[in-house]
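The values are calculated or read from the model by the stated rules, or taken from the named source; none is laboratory data. Source: prediction; values computed, not measured. Glycine gets a Cβ as well: all are built from the backbone with ideal geometry, and neighbour counts include every protein chain shown. Side chains included, ligands, DNA and RNA excluded: accessible areas come from the protein's heavy atoms. Shrake-Rupley method; radii C 1.70, N 1.55, O 1.52, S 1.80 Å.
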Amino acid sequence: MTAMFDRDLQGVPDSPEPAAGALTVAGPYGFCSWVALLVEPVSGRESGDPSRERRRADEAIADAGWLAGQWDPSAGARLELRYLHRPGERLRCVLLGRVQAPTRDAAIGAALRLRDRLGALPAHVRAVPVESAADVLKLLDPFRADPAGLVEVRKQIRAGRPVRPDAGVHYYLAVPRLAAGATSWDPLWQSVADLPQPFMLTVGLEPYAPPAPFVGMLADLATRYGRLAVPGRSGPSALRQRTYELPADPFARYASGHFEDAWRRYQSAVFRARITLASPAPLPEPLVARVAATICAPRGDQETTHVVVAPEPDEREVAWRNVTTLDNARWDRRYLGHLEVPTGLRLLAETMDAGEAASAWRLPPAPVAGDRPMFVSVTGDVINVGDNATFVNRSTVSGSFNTTSSPAGPAAAAGPRLNILLACANPRGSEALRTGEEDRTLRQSIRLSAERDRIDIETLNAVTIDDLRRALLNRRFDIVHFSGHGTRRGLVFEDDAGRIFQPPSSALAELFARRGIKVAVLNACYSLSVGRISAIGTEFTIATDGPLSDPAAIEFTRGFYDALGAGRDVPDAYAEGKGAAALKGLTFTAILLRRGEQYGTS
């Protein structure tokens, strides 16, 4: 068994062939590979002499059509359009791509095919591939963002208070799609070119096919809000025998239109989108406002559909790692505030079709005679950038950003992250457990570990079986860690009223297998009733055939995740967890099952 993380792997390939220009690194369950192209605008391809506005409108249509052709979720493809500015130099436009595959050769092959596809650009731009993996890394991680130099532009999640007694909810939620942006970005590029500090505007897209439950949710919400958007009548009750007329709910009318629009638009080929602004110095507020207004201008009714969000201090590493590895890990504390937003609506808030995404994904505009040159030329032997030169044919980008690579980039975070889902359940009427302490212990172990930048943790408290199913549907997790009660019938979840609910162990195991869970840690009494089955569909399952004390479960958690965070494999982490409990005078009775093993067999 290889280690969970190969910490000795170097991100830069040893030879230029066959991995020329593919930054490839190993992770716990495969290889990730990144590629890049440098892009420049092309002049002289228009017929006649159209106006600037008409030319920009034609370019926007071409960009949208090209982007629609890039929808391909195979190999976990991620796409990124990145603009980089350094004072005294012209703007640089970069296309980046990332794929994932089980083997190094497969990842490199998929990455190079993606690069070829990205390079087939509309007529007003052209590109050359970056042929050095070291240079790809520099473009992924050009500087370290200042604490006040990192924000995202996101869709607004609007809340409203019901006026109808039959609403059935405490508050309404709606997610309007982003308003269309400005036709011409020329004023924005002029503002960016004059900035006295380095700056990045980067737009990430993850192609995905919306799952059927997500599309069904949109249809259901459109119907439910549609009912409340028109006048109705109350039903009889014990206190009121006669019915009375109910007025149309204004917010429901507003929400029903948006959900109906989302249901029509997001049926098939869509993207998860991330729009990020970054700088190694604090971002000027007027620049942020100008970028946001250019990407998503207010609608004709003056409704603003976007919001600018900055990460909290403990979310900055995740936010920056998204930029340097082309990822979409969520950080939502300021974004959601006090709102309890269901998983499906949170996914809606980052979903766009190609037409919507094209408002933010704008390739460099063709130059107009007499205009100031804005973008670096990339198709000659030398790119002139201020006092330095970048030699494309020698595949270097040195001299553009002379900064030290941050620890959040691919070289430090080799391969995909390790995603952990902690599911905690302590239903009413059951013995109180210290699930909060187990959550704190797990997070502390990862936070103090060498591999903390590659490990994400999501916690579901008071978890129902539907909460677990939806979480596994909407995000890939490597480890599911259950903290709660168990009986010989299976694990104990909560129902919607907080009472005890036990799903069939076979169905739970099938869920783990269907969602590709690699490791199941079942910190519950008698969890081997699930473990025997789930070990068939997971690489490893940790479960017990008898009682399990709270202190032992917590100490095992501490040792297990200390070891995973140090880059050890699962068997080693399991031994470390048992040892940590033993050092505290506690007995951890759970066993480790590998795929296909049965308890009591070799």
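Name the single residue, out of those in the range 478-490 being modelled with pLDDT under 85 and within 15 Å of residue 507 (Cβ to Cβ), that is most open to solvent (accessible area, probe 1.4 Å). Filtering first and then ranking leaves 489.
Among the residues of the range 272-280, is there at least one that is outside any strand (DSSP E or B), touching a residue at least 40 places away in the same chain (Cβ under 8 Å), in the same structural domain as residue 328 (by the TED database) and open to solvent by 20 Å² or more (accessible area, probe 1.4 Å)? So that I can check it myself, show each step before the final result.
Of the residues in the range 272-280, the ones outside any strand (DSSP E or B) are 279-280.
Imposing the further condition that a residue be touching a residue at least 40 places away in the same chain (Cβ under 8 Å) reduces the set to 279-280.
Then drop every residue that is not in the same structural domain as residue 328 (by the TED database), which leaves 279-280.
Filter once more, keeping what is open to solvent by 20 Å² or more (accessible area, probe 1.4 Å): 280.
Within the range 272-280, one or more residues are outside any strand (DSSP E or B), touching a residue at least 40 places away in the same chain (Cβ under 8 Å), in the same structural domain as residue 328 (by the TED database) and open to solvent by 20 Å² or more (accessible area, probe 1.4 Å).
Cβ-Cβ contacts under 7 Å between residues 6 or more apart (or on different chains), taken from a first residue in the range 456-477 that is farther than 19 Å from residue 441 by Cα and open to solvent by 60 Å² or more (accessible area, probe 1.4 Å) to a second residue that is modelled with pLDDT of 85 or more and part of a helix (DSSP H, G or I), are listed as 469/511; 470/343. With respect to (1) open to solvent by less than 10 Å² (accessible area, probe 1.4 Å); (2) touching a Ser or Thr at 6+ places or on another chain (Cβ under 8 Å); (3) assigned by the TED database to the domain that holds residue 315, the lone exception for residue 141 is condition (3). Within the range 66-81, does at least one residue satisfy the condition of being in a helix (DSSP H, G or I), touching a residue at least 24 places away in the same chain (Cβ under 8 Å) and open to solvent by 50 Å² or more (accessible area, probe 1.4 Å)? Looking for residues that are in a helix (DSSP H, G or I), touching a residue at least 24 places away in the same chain (Cβ under 8 Å) and open to solvent by 50 Å² or more (accessible area, probe 1.4 Å), one finds at least one in the range 66-81, hence yes. For the range 264-280, does any single residue satisfy the condition of being in contact with a His (Cβ under 9 Å, 6 or more places away or on another chain), at pLDDT 90 or above and β-branched (Val, Ile, Thr)? For the range 264-280, residues in contact with a His (Cβ under 9 Å, 6 or more places away or on another chain), at pLDDT 90 or above and β-branched (Val, Ile, Thr): present.
The set of residues from the range 567-597 being in a helix (DSSP H, G or I), open to solvent by 30 Å² or more (accessible area, probe 1.4 Å) and aliphatic (A, V, I, L, M) comprises 575, 582, 583. Only residues that are touching a Lys or Arg at 6+ places or on another chain (Cβ under 9 Å), open to solvent by 20 Å² or more (accessible area, probe 1.4 Å) and either among the charged types (D, E, K, R) or within 21 Å of residue 309 (Cβ to Cβ) (or both) were counted in the range 250-271, giving 3. Taking the listed residues 75, 57, 20, the one that is closer than 25 Å to residue 328 by Cβ and modelled with pLDDT under 90 is 75, with no other qualifying.
With respect to residue 246, is the statement that it is open to solvent by less than 20 Å² (accessible area, probe 1.4 Å), more than 30 Å from residue 73 (Cβ to Cβ) and either under 30 Å from the mean Cα position of the chain (by Cα) or without any contact (Cβ under 8 Å) to a residue 12 or more places away in the chain (or both) true? So residue 246 fails the test.
If only residues of the range 543-566 that are open to solvent by 10 Å² or more (accessible area, probe 1.4 Å) and within 18 Å of residue 450 (Cβ to Cβ) are counted, the one that is farthest from the chain's Cα centre (by Cα) is 558.
For the range 501-516, a residue qualifies if it is more than 21 Å from residue 553 (Cα to Cα), touching a Lys or Arg at 6+ places or on another chain (Cβ under 9 Å) and surrounded by fewer than 21 Cβ atoms within 10 Å (Cβ to Cβ), and the qualifying residues are 504, 511, 515, 516.
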